[in-house]
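*Asks:* My structure is below; once you've seen it, I'll send some questions.
Values quoted throughout were computed directly from the atomic coordinates according to the rules given, and no laboratory measurement underlies them. As the structure is a computational prediction, the values presented were derived from the model and not from experiment. Note that each Cβ is placed from the backbone with ideal geometry, even for glycine, and that neighbours are counted across all protein chains shown.
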Amino acid sequence: MTKASGRRTPVTSISPETIATSVLTIETPHRGFFDITADARQFLREAEAQSGALTLFVRHTSASLTIQENADPDVLKDLVTALDRLAPEDGGWNHGSEGPDDMPAHIKTMLTSCSLTIPVIDGAMALGTWQGLYLIEHRTRPHRREIVLQFLGSELKSASI
């Protein structure tokens, strides 16, 4: 086994002093990925977030959240195709009281995530260059989706010498 050696920045110590919460409502016109990165950034600005963690939680069982590439839209199209292959509408599901896309939507949610946590450093999400935050609508017809955003953290402390 090879031992990994890496570099890291100095440790910044904070005492959580702020909890800010908001609910983001998104009207989804159809199945697909909906970029909510700008909404999360706006929330952090309004919360005057400096250092801590941003948590997002979607309050639904047929929609989910993910961090994914935000540069090439073909990635998102291919991900929709992949999820459809993993949970097709004609999969012989027992549950179908809300239509043929309902049970596949539940499976797709189970395969993805209902919550995300992103570090916040100097007031910004610590996302990579090509990363964006997405609500994934798994149902065909329009829905109103709610995402709870919560920041836990505080302003940076000055180190005493």
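*Asks:* Out of (i) 66, 45, 28; (ii) 123, 37, 24; (iii) 40, 35, 26, which label holds the value of Cα extents along the principal axes in Å that was computed here?
*Replies:* Evaluating Cα extents along the principal axes in Å on these atoms matches (i).
*Asks:* Extension gain V75-A124, at 0.36 nm per residue separation less the Cα-Cα distance, in nm?
*Replies:* Values: separation 49, 0.36 × 49 = 17.64 nm, distance 2.47 nm.
The span from V75 to A124 would gain 15.2 nm if fully extended.
*Asks:* Let me ask something else about it. Looking at the chain, which longest stretch skips every one of the GluC sites (Glu not before Pro) that is in a DSSP loop with at most 16 other Cβ atoms within 10 Å, leaving the sites themselves out?
*Replies:* Working: sites that count: E17, E48, E89, E98, E155.
Of all site-free stretches, the longest is 99-154.
*Asks:* For segment 16-22, just list the computed ³J(HN,Hα) in residue order, Karplus coefficients 6.51, -1.76 and 1.60, θ = phi - 60°, integers in Hz, with x standing in for Gly and Pro.
*Replies:* Calculated HN-Hα couplings, in order: x, 10, 10, 10, 10, 9, 8 Hz.
*Asks:* Return the sequence-ordered ³J(HN,Hα) values of segment 108-115 in whole Hz as given by the Karplus equation 6.51 cos²θ - 1.76 cosθ + 1.60 applied to θ = phi - 60°, using x for Gly and Pro.
*Replies:* 4, 5, 5, 6, 9, 7, 9, 8
*Asks:* To test your reading of the geometry: what angle, between 0 and 90 degrees and rounded to tens, separates the Cα axis of helix 37-46 from the longest principal axis of the chain?
*Replies:* Once rounded, the angle reads 40 degrees.
*Asks:* Once every DSSP H run of n ≥ 4 in the chain is given -39500 (n - 2.57) and the sum is divided by its residues, what mean residue ellipticity at 222 nm do you get, rounded to the nearest 500 deg cm²/dmol?
*Replies:* Details: 3 runs with 34 residues, N = 161.
Computed ellipticity for the chain at 222 nm equals -6500 deg cm²/dmol.
*Asks:* Moving on to the next point. Quick one: which residues, 5 or more positions from H60 or on another chain, have an amide H under 5 Å from its amide H? H modelled 1.01 Å from N in the peptide plane, none for Pro or chain starts.
*Replies:* Under 5 Å from the amide H of H60 lies no amide H from a residue far enough along the sequence or on another chain.
*Asks:* Which FRET efficiency value, to the nearest 0.05, do you get for Q42 and R7 by plugging their Cβ-Cβ distance into 1/(1 + (r/R0)^6) with R0 = 35 Å?
*Replies:* Working: r = 33 Å, r/R0 = 0.93.
Using R0 = 35 Å, I get an efficiency of 0.60.
*Asks:* Does segment 99-138 come out rounded, prolate or oblate, given a ≥ b ≥ c as the square roots of the eigenvalues of its C-alpha gyration tensor, rounded meaning a/c under 1.5 and, failing that, prolate meaning a/b above b/c?
*Replies:* Values: a/c = 4.14, a/b = 3.12, b/c = 1.33.
It comes out prolate by the Cα gyration axes.
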